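What follows is a single structure, written as structure tokens, with notes after it.
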Amino acid sequence: MLLRPIRSVTVAILVGVAALALSACGGDDQPHAVPANTVEMGDFWYKPAEFTVPPDAIVNIVNVGAVAHSWILQGAGVGTAAIAPGKSIIVDLRGIKPGTYTIYCDEAGHTQAGQTGKLTIA
């Protein structure tokens, strides 16, 4: 009679281990890109203002300023909408041709105030 409780506990442990192992596999077959590049933007500047990334890079854009800003890659069809202060967004550069691009903020008057930069994809 002592074998039944031990057998039940053993089965419960094995089921738990199997469930744990399966949950570690995850349900997403796509690799998750982690940005290696971060750009901070503040009131009328980008830091770094000029930088180089490899093809198919991912860039994290962080607004540390007091007002909303955007980060637009001129001529590439890539960029952000206005990002509120304290917020960030990931920009995926996969598929953008290698070259040097001007970066600018399309919020009224920001480019004219000097909020520009250069990004080279090489």
Next on the checklist: What's the number of the only condition in (1) outside any strand (DSSP E or B); (2) touching a residue at least 40 places away in the same chain (Cβ under 8 Å); (3) surrounded by 13 or more Cβ atoms within 10 Å (Cβ to Cβ) that Gly114 fails to meet?
Outcome noted: (3)
Checklist entry - Any chance region 23-36 includes a residue that's at pLDDT 95 or above, surrounded by fewer than 17 Cβ atoms within 10 Å (Cβ to Cβ) and among the hydroxyl-bearing types (Ser, Thr, Tyr)? => result no
Checklist entry - Just to be sure, is Val39 on the phi < 0 side of the Ramachandran plot, surrounded by 12 or more Cβ atoms within 10 Å (Cβ to Cβ) and in contact with a Lys or Arg (Cβ under 9 Å, 6 or more places away or on another chain)? => result yes
Checklist outcome for this item: For region 95-116 the number of residues that are charged (D, E, K, R) and over 20 Å from Val62 (Cβ atoms) is 1
Next on the checklist: Would you confirm, using the coordinates I've provided, whether Val59 is of a type in the set (A, V, I, L, M), out of contact with any helix residue (DSSP H, G or I) (no Cβ under 9 Å at 6 or more places or on another chain), farther than 15 Å from Lys118 by Cα and modelled with pLDDT of 95 or more?
Outcome noted: no
Next on the checklist: Quick check on my filter: what residues within region 91-111 are farther than 12 Å from Gly77 by Cα and touching a residue at least 40 places away in the same chain (Cβ under 8 Å)?
Outcome noted: Pro98, Cys105, Glu107, His110
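Looking for whichever is of a type in the set (A, V, I, L, M, F, W, C) and crowded, with 17+ Cβ neighbours inside 10 Å here; the options are Ile89, Ile83. Which one fits?
Matching residue, one of Ile89, Ile83: Ile83.
Considering each residue of region 92-106, count those that are surrounded by fewer than 17 Cβ atoms within 10 Å (Cβ to Cβ) and more than 18 Å from the chain's Cα centre (by Cα), and give that number.
6
The values are calculated or read from the model by the stated rules, or taken from the named source; none is laboratory data. Remember, it's a predicted structure, so these values are computed and weren't measured experimentally. A quick note on method: Cβ atoms are made from the backbone with ideal geometry, for glycine too, and the neighbour counts reach across all protein chains shown.
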